[in-house]
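Chemist: Handing you a structure now.
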Amino acid sequence: AAEGGEEEAPVPPQKRFYRQRAHSNPLADHTLRYPPRPQDMDWASLFPAVSLTPCSPRGVLGGRVGVSLTPCPPAVALAELFPQTLALGLELRGKVAAFTRARLRALRAARPGHFGNVACVRGNAMKHLPHFFHRAQRTKHKWRIINPAMLAEYGYVLRPGGLVYTVTDVPELHQWMLQHFGEHPLFEPLPPAQLATDPLVPLLPAVTEEGQRAQRAGRPP
């Protein structure tokens, strides 16, 4: 504590104290906390600076704002780019989630009034996604987890016109995702003109680990 009983402001975390593997097995048994139903989710504790509406049939957030769901690190960048949208990072890797929460505390202390629209939760999308969100509640969705079974679940929770963003440093995985999205009846590619004006497209390579690795290797993400 600082002199005079005042608490010291949180300092930005250092990654060397949060070493984590690049991947975590989503099929393994993890000790995770998640709500029994979407209406049981305590959103107010995650977004205390935001005035949330009472629960509606589409969920506590459904009638108020768009919800952008990403892994934790990109959520911080999305929240700053879209201050009127709540950004939730759902991250399976425990140390990555802890690092992002510590970073958010430091950012909020350094810039009061900012970053109140972003939160990070440790969770497993492949097992517990419907526990957090009602059908058609989310507007944007960015995942590395792409397979035929999960695409049907993404289509269930995304609202009509919702977007999925993907980024990877593995060319084979990129082709895999293109193939499965292209073959699924619930999804269609965006026209090039819309991609050219989308503010998230140039942002993703800079704020995701996969995009940064691709840039360092001289490959397009």
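The values are calculated or read from the model by the stated rules, or taken from the named source; none is laboratory data. All values reported here derive from a predicted model rather than from experimental measurement. All Cβ positions, even for glycine, are placed from backbone atoms using ideal geometry, and neighbour counts span all protein chains on display.
Chemist: Condition check: under 27 Å from residue 37 (Cβ atoms), surrounded by 17 or more Cβ atoms within 10 Å (Cβ to Cβ) and touching a residue at least 40 places away in the same chain (Cβ under 8 Å). Does residue 78 satisfy that?
Modeler: yes
Chemist: Next question, about the same structure. Kindly check whether there is at least one residue in the stretch 103-112 that is at pLDDT 80 or above, small (Gly, Ala, Ser) and touching a Phe, Trp or Tyr at 6+ places or on another chain (Cβ under 8 Å). Reasoning before the result, please.
Modeler: So the first thing to find is which residues in the stretch 103-112 are at pLDDT 80 or above, and the list is 103-112.
Filter once more, so that each one left must be small (Gly, Ala, Ser): 106, 109-110.
This time we only want the ones that are touching a Phe, Trp or Tyr at 6+ places or on another chain (Cβ under 8 Å), so: none.
No, every residue in the stretch 103-112 fails to be at pLDDT 80 or above, small (Gly, Ala, Ser) and touching a Phe, Trp or Tyr at 6+ places or on another chain (Cβ under 8 Å).
Chemist: Here is a follow-up. How about the stretch 75-122: which of its residues are in a loop (DSSP other than H, G, I, E, B) and not charged (D, E, K, R)?
Modeler: Once the filter is applied, which keeps residues that are in a loop (DSSP other than H, G, I, E, B) and not charged (D, E, K, R), the stretch 75-122 yields 82, 83, 84, 85, 92, 112, 113, 114, 115, 116, 117.
Chemist: Anything in the stretch 187-221 that is farther than 22 Å from residue 75 by Cβ, modelled with pLDDT under 90 and either touching a strand residue (DSSP E or B) at 6+ places or on another chain (Cβ under 9 Å) or of a type in the set (Gly, Ala, Ser) (or both)? List them, or say none.
Modeler: 217, 218, listed by residue number.
Chemist: Ok, one more. In the set 58, 33, which member is over 16 Å from the mean Cα position of the chain (by Cα), part of a loop (DSSP other than H, G, I, E, B) and at pLDDT below 80?
Modeler: Only one candidate qualifies: 58.
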